[in-house]
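These notes are about the structure you will find just below.
The values are calculated or read from the model by the stated rules, or taken from the named source; none is laboratory data. The model shown is predicted, which means the values in this text are computed figures rather than measured ones. With ideal geometry, Cβ positions are generated from the backbone for all residues, glycine too; neighbour counts draw on all protein chains shown.
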Amino acid sequence: TVLIIDFGSQVTQLIARRVREAGVYCEIVPFQSADEAFDRIAPKAVILSGGPASTTEIGSPRAPQKVFDAGIPVLGICYGEQTICAQLGGAVEAGHHREFGRAFLDIQDDCALFEGLWAKGTRHQVWMSHGDRVTALPDGFRVVATSTGAPYAAIADDKRRFYAVQFHPEVVHTPDGAKLLANFVHHIAGMKSDWTMRAYREHAVQAIRDQVGSGKVICALSGGVDSSVAALLIHEAVGEQLTCILVDHGLMRKNEAADVVAMFREHYNLHLILVDASDRFIGALEGESDPEKKRKTIGRLFIEVFEEEAAKLGGADFLAQGTLYPDVIESVSFTGGPSVTIKSHHNVGGLPERMNMKLVEPLRELFKDEVRVLGKELGLPDSFIGRHPFPGPGLAIRCPGGISREKLEILREADAIYLDEIRKAGLYDAIWQAFAVLLPVQTVGVMGDGRTYEFVCALRAVTSVDGMTADFYHYDMEFLGRAATRIINEVRGINRVVYDVTSKPPGTIEWE
Ligand code: XMP
């Protein structure tokens, strides 16, 4: 294992991504718990991340001294370099030499980090983001690369195998950065590429068997990738001991519940209970137009229905959840202030506090795209794995204002046609998420010789990496015209279509 000590950089997770892409397992821990984590994990190498603090300030974070005393390789990135220098006897100067964005690195000397990558005397693009800079090296170090703003842009102490860089090799704007991190873990730390999904699958199956024993497991299957992959993995480990419950809240997309049931029952022979609770959900939501109240109602009912079904089964010992690594990583907080709730997210996260069950979370160590690879490994079709995200509260938050069965039906049809057109145009995989929204607004139109007075449908499509920020998708107008015409012609109840050109921020992806 490689231990990554997080000093609060926005991009620490990317370091972990790159290390895992190099086939080496790693874990991120905040600097506050690095000491304890070091003993627990006994890493073969350590990476110190960037961060917003300045080593020149009193009380700024440091790496535990044992990291440097253990005889293992250490790589410092940005703040990580500065703290290495501050801790081992060099000097760091605050302030004036800020360097942000693209920069060019001049390779001054050969270095194990640059092996097969950058030769002495060459120049390479890297990404910088720092205010402070190193001004004197600790004993044993030499400069191996410089940049205009950083005379110590890369430094090495080959004997102790300590390396540090001022730039960020983990971001894509450092084109060779991934290879540089691979050099660190492979050549310098001598670690093999043995973190593969096949190996993970075997390890996870064994771990689930050890944990669950002969206990009973239940799982809320939503049809999303995470809960599906978690269920399949547990099914592989303990077979019949697992029961999945799919709560159909009547807010799913067209044919969705049936498709999910068909796949898991028929293809995987998994014990799956489909609960049609649509009357209950829609009944409770009728007349409610406040977005937060809708979300809360759906979350509450979901837990109620799930608990009732679990009780019918005679309870269970374990609750399976598709928790991912980004949810597990403790974030480093310097400000500590509470953040504002934009939306109360609904997923099965609220279940465990209420139910007296132990958790099985076989995806806790994985990133989203690793879950996709694992899903493929478990035989899930590409079309399923590559599906756009779908929110827990479903179509209810895509019908601003009050919902009704009729409105949901109209929206389901429009959404299906829109997605069909996207697939036909070969755009599905280029878009991060696309869906239709049914507005609570009626407008006048003319169809044939008659007047119409029907709803407006808004189309949304965004590109994003993680859903935190998003840009609206730039369709060509031909496409939009085609989709709009089909929706208006084929869906009764819609006579006008508009396209949402709002990015996030200031908009959110969903309308509620
Ligand atoms: P927003 O609308 O907040 O959405 O920009 C970001 C991403 O999250 C999805 N989303 C949810 N997912 N439960 C979920 O599991 C929810 O309550 C929820 N609300 C929004 C949304 O579809 C987008 O992908």
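Values computed for the structure shown
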| item | result |
| --- | --- |
| Residue among E304, E308, E330 that is at pLDDT below 85 and either more than 12 Å from the ligand (Cβ to nearest atom) or farther than 29 Å from T508 by Cα (or both) | E330 |
| All positions within region 469-512 that are touching a Pro at 6+ places or on another chain (Cβ under 9 Å), of a type outside the set (D, E) and modelled with pLDDT of 95 or more | I509, W511 |
| Among (1) among the hydrophobic types (A, V, I, L, M, F, W, C); (2) crowded, with 17+ Cβ neighbours inside 10 Å; (3) more than 14 Å from the ligand (Cβ to nearest atom), the one test that A425 misses | (2) |
| Top-ranked residue in region 371-409 [being within 15 Å of the ligand (Cβ to nearest atom) and farther than 24 Å from S228 by Cα; ranked as surrounded by the fewest Cβ atoms within 10 Å (Cβ to Cβ)] | P400 |
| Selected residue [among the hydrophobic types (A, V, I, L, M, F, W, C), more than 17 Å from L75 (Cα to Cα), at pLDDT 95 or above and assigned by TED's automatic domain parsing to the domain that holds E93] from A112, A103, A178, A136 | A136 |
| Inter-residue pairs, beta-carbon under 7 Å, first farther than 18 Å from G190 by Cβ and in region 60-73, second part of a loop (DSSP other than H, G, I, E, B) and of a type outside the set (G, A, S), 6+ apart | P61/F7 |
| Yes/no for R496 being touching a residue at least 12 places away in the same chain (Cβ under 8 Å), more than 16 Å from the ligand (Cβ to nearest atom) and in contact with a Ser or Thr (Cβ under 8 Å, 6 or more places away or on another chain) | yes |
| The lone exception for A53 - which of (1) among the small types (G, A, S); (2) surrounded by 18 or more Cβ atoms within 10 Å (Cβ to Cβ); (3) modelled with pLDDT of 95 or more it fails | (3) |
| Filtered residues of region 487-512 (kept if assigned to a loop (DSSP other than H, G, I, E, B), surrounded by 16 or more Cβ atoms within 10 Å (Cβ to Cβ) and in contact with an Asp or Glu (Cβ under 9 Å, 6 or more places away or on another chain)) | V491, G493, W511, E512 |
| Conditions (1) within 30 Å of the chain's Cα centre (by Cα); (2) crowded, with 16+ Cβ neighbours inside 10 Å: number failed by A484 | (1) |
| Counted residues, region 455-481 - those being small (G, A, S), within 16 Å of the ligand (Cβ to nearest atom) and surrounded by fewer than 19 Cβ atoms within 10 Å (Cβ to Cβ) | 2 |
| Qualifying residue in region 251-258 (condition: on the phi > 0 side of the Ramachandran plot and under 25 Å from the mean Cα position of the chain (by Cα)) | no |
| Residue in region 428-436 that is of a type outside the set (S, T, N, Q), in contact with a helix residue (DSSP H, G or I) (Cβ under 8 Å, 6 or more places away or on another chain) and away from the ligand (no atom under 16 Å from the Cβ) present | no |
| Conditions (1) within 29 Å of D6 (Cβ to Cβ); (2) modelled with pLDDT of 90 or more; (3) in contact with an Asp or Glu (Cβ under 7 Å, 6 or more places away or on another chain): number failed by A320 | (3) |
| Count - residues of region 64-84 that are more than 20 Å from P169 (Cα to Cα) and either in contact with a helix residue (DSSP H, G or I) (Cβ under 9 Å, 6 or more places away or on another chain) or β-branched (V, I, T) (or both) | 7 |
| Criterion: at pLDDT below 95, of a type in the set (D, E, K, R) and not in a strand (DSSP E or B) - qualifying residue of D429, D466 | D466 |
